[in-house]
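The values are calculated or read from the model by the stated rules, or taken from the named source; none is laboratory data. For clarity, every value in this text was computed on a predicted model and none was experimentally measured. Here the Cβ is made from the backbone with ideal geometry for all residues, glycine too, and neighbour counts use every protein chain on show. Calculation scope for accessible area: heavy atoms of the full protein, side chains included, ligands and nucleic acids excluded. Shrake-Rupley method; radii C 1.70, N 1.55, O 1.52, S 1.80 Å.
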Amino acid sequence: QVQLMESGGGLVQPGGSLRLSCAASGSIFNINPMAWYRQAPGKQRELVATITSGGTTKYADSVKGRFTISGDNAKKAVYLQMSSLKPEDTAVYYCNMRGAHMVSWVTNDYWGQGTQVTVSS
């Protein structure tokens, strides 16, 4: 029943910017944390950025200073502002939310379907 829907991916030139969005629908609540992961071809999925309900953020070293994660718990949404993009940022980006189901109250990780980000001239 819980679904995460992502948008904002696409093709951008090196040095450009993109903003990714992800919103959850369904019976999820007490969301904490929200995160963005990415997976490049031939590589493992890696954590890009995380934000807690208290606003604490963490970033992978490779994106520090260039990416900004933000969240809106009321809207059940998470965003990733990406600037100064590099070809190395090319990957499928996935949003992630940990939250409880309203029926069972059991906490699980929920994932988006992934959105492609390609950085190329």
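Per residue and in cubic angstrom, what volume does the convex hull of the Cα atoms of the range 39-92 have? Walk me through the numbers before you get to the answer.
Working: hull volume 4.5 nm³, N = 54.
Looking at the range 39-92, the number lands at 84 Å³ per residue.
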Give the share of C-alpha pairs in each 10 angstrom bin for the range 53-121, from 0 to the last occupied bin, in whole percents, shortest bins first.
16, 45, 29, 9, 1
Lysine-lysine proximity count for the chain, Cα under 26 Å, sequence distance 8 or more or distinct chains
9
Can you list, bin by bin at 10 Å, the percent of alpha carbon pairs in the chain, starting at 0?
14, 47, 29, 9, 1
Ignoring any ligand, DNA or RNA, what whole percent of the accessible area of the range 48-121 comes from carbon and sulfur when the probe is 1.4 angstrom?
51 percent
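Count neighbours as other Cβ atoms within 10 Å of each site's Cβ, and list the trypsin sites (Lys or Arg not before Pro) in the range 46-118 that are DSSP loop with at most 11 such neighbours. Mind showing how you got there, number by number?
Values: sites: K58, K64, R66, K75, K76, R98; in loops: K64, R66, K75, K76.
Within the range 46-118, the qualifying trypsin sites (Lys or Arg not before Pro) (loop, at most 11 other Cβ atoms within 10 Å) are K64, K75.
Using a 1.4 Å probe and counting only protein heavy atoms, arrange D89, D61, D72 so the residue with the most accessible area comes first. The partial results should precede the final answer.
Working: D89 5, D61 125, D72 45 Å².
Final ranking, largest accessible area leading: D61, D72, D89.
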Keeping all protein chains in place, calculate the accessible area per residue for the chain (probe 1.4 angstrom), answer in Å².
53 Å²
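Could you give me D for the range 1-58, from Stokes-Einstein at 37 °C and 0.692 mPa s, where the hydrodynamic radius is the Kirkwood radius over C-alpha pairs? Units µm² s⁻¹, please. Mind showing how you got there, number by number?
Working: Rh = 13.6 Å.
In µm²/s, the coefficient is 241.
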